[in-house]
Amino acid sequence: MKKLNIVIIALILLASIGFGVRYFFQDAQSSSKATEALFAATFPDEKGQPHGISQYKGKTIVLNFWATWCEPCREEMPELSSLHEEGKNKNIVVLGVAVDDADAINDFVKETKVSYPLLVADMQGMDLANNLGNDKGVLPYTVIINADGSVEKTYFGRISKPLLEATLLKLIAKK
């Protein structure tokens, strides 16, 4: 009876390890598929000019999902603009993906200076954000993507420049 209990415990332990390994690889695989979909996407800017996300491959990307009606989104934009300007020489780019329509964004940029590209994704933006980990469906939502295309970190809600810089400094130090 004692041998049978040991065998059962060993089988349960092996199954648990197997599920853990499967979960780890499945999560990494879904993140990889999400960034593949991101790099395959093309969105227009507020003027209707198409921008393929693939042009940013090989750069560290701070991908910020936002909307004109979202107050915290608008509050973080000056810090994102500053980060974008400072990151140009460090292979860092900030991209704003608007879950909004082109007219609203066009009106917004007439009043607010933003130094980084703003792309119009409308509701496709929420699908993309969801695929990149926004399982809460909140805005703003920010994703830091490594130069190798992997998701490094995600943030729900309003972010700050120092918060992003802490993650970006770790990435730069790894290189």
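Read-outs throughout are calculated quantities, based only on the coordinates presented, and are distinct from any laboratory measurement. From a predicted model like this one, the values you see are computed outputs, not experimental measurements. Cβ sites come from the backbone with ideal geometry, for glycine too, and all protein chains shown count toward neighbours.
Tabulated results
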read-out: Unique residue being in contact with a Pro (Cβ under 9 Å, 6 or more places away or on another chain), closer than 22 Å to Gly157 by Cα and either in contact (Cβ under 8 Å) with a residue 60 or more places away in the chain or buried (at least 20 other Cβ atoms within 10 Å of the Cβ) (or both) when the list is Pro44, Pro72; value: Pro72
read-out: Candidates Gly149, Gly137 - the one that is exposed (fewer than 14 other Cβ atoms within 10 Å of the Cβ) and at positive phi; value: Gly137
read-out: Of all residues in the range 103-134 being closer than 19 Å to Glu36 by Cα and of a type in the set (Gly, Ala, Ser), the one that is surrounded by the most Cβ atoms within 10 Å (Cβ to Cβ); value: Ala129
read-out: Matching residues, the range 154-175, being outside any helix (DSSP H, G or I) and either out of contact with any Leu (no Cβ under 9 Å at 6 or more places or on another chain) or of a type in the set (Val, Ile, Thr) (or both); value: Thr154, Phe156, Arg158, Ile159, Ser160, Lys175
read-out: Leading residue by the ranking (farthest from the chain's Cα centre (by Cα)) among those in the range 114-151 that are in a loop (DSSP other than H, G, I, E, B) and among the polar types (S, T, N, Q); value: Ser115
